[in-house]
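Student: Take a look at the following structure, please.
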Amino acid sequence: MTTETIDHTTLTKLAEAGVVRSAHVVGQAGGWGILVKYGMTERALAAQRSQQVRLFRRLETLVEYLKSIGIPRFDVDAVNYDPEGLTRYKRPDRAEAMKNAHEAAAYDKWLKSEIQEAIDDDSPTIPHDKVMRDVRAVIKRARAKRAST
């Protein structure tokens, strides 16, 4: 496919303006790419993050994408289509990250319920100064006891 690319936003604006002359879906190793012709220019659709040519693994997904941006007609070239050609990268770290995210969400839920329970508790409160006097007295007695042994 051609190395010059067009991004989703630009393609959407061109389609809305009605200047897209044609869309050509090209099968290749691992999926389907799109070549879009507007004016005298032909460009491939780029992936958002990598700016490399975007590949759709499923033709149905690509069809829905084109229809959603206003390109209901296109031609398909499946000569070089090879569904097994794309290398899949395994990301075992993602499983660990998802586990950590779920644990964090569960902890947040638990903490919020504990806080709400404390807010809703109508038992009498003890002033901070009194609690601190009592704690200091306990510490003083413990130190005295330890010093006497």
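The values are calculated or read from the model by the stated rules, or taken from the named source; none is laboratory data. In this text, all values refer to a predicted model and were calculated from it rather than measured experimentally. Using ideal geometry, Cβ is built from the backbone for each residue, glycine included, and neighbour counts are taken over all protein chains shown. For the accessible areas, the whole protein counts, side chains as well, though only heavy atoms, and no ligand, DNA or RNA atoms are used. Shrake-Rupley method; radii C 1.70, N 1.55, O 1.52, S 1.80 Å.
Student: Take Glu84 and decide whether it is free of Cβ contacts under 8 Å to residues at least 12 places away in the same chain and either closer than 24 Å to Asp7 by Cβ or among the acidic types (Asp, Glu) (or both). Show your work before the answer.
Tutor: Details: free of Cβ contacts under 8 Å to residues at least 12 places away in the same chain: no; either closer than 24 Å to Asp7 by Cβ or among the acidic types (Asp, Glu) (or both): yes.
Taking the combined requirement at face value, the residue does not satisfy it.
Student: For the stretch 110-130, enumerate the residues that are open to solvent by 100 Å² or more (accessible area, probe 1.4 Å) and not in a helix (DSSP H, G or I).
Tutor: Asp122, Pro124, Thr125, Ile126
Student: Next up: Out of the residues in the stretch 53-109 meeting the condition of being under 13 Å from Ala23 (Cβ atoms) and among the acidic types (Asp, Glu), tell me which one is least open to solvent (accessible area, probe 1.4 Å).
Tutor: Looking at the filtered set, the residue picked out is Asp77.
Student: Looking only at the stretch 41-60, count how many residues are among the acidic types (Asp, Glu) and more than 13 Å from Glu4 (Cα to Cα).
Tutor: In the first step, residues of the stretch 41-60 are kept if they are among the acidic types (Asp, Glu); the result is 42, 60.
Retained after the next criterion (residues that are more than 13 Å from Glu4 (Cα to Cα)): 60.
Count: 1.
Student: Looking only at the stretch 33-40, decide whether some residue is surrounded by fewer than 11 Cβ atoms within 10 Å (Cβ to Cβ), closer than 15 Å to Asp7 by Cα and not small (Gly, Ala, Ser). Walk me through how you get there before you give the answer.
Tutor: Filtering the stretch 33-40 down to residues surrounded by fewer than 11 Cβ atoms within 10 Å (Cβ to Cβ) leaves 39-40.
From what is left, the residues that are closer than 15 Å to Asp7 by Cα are none.
Within the stretch 33-40, not a single residue is surrounded by fewer than 11 Cβ atoms within 10 Å (Cβ to Cβ), closer than 15 Å to Asp7 by Cα and not small (Gly, Ala, Ser).
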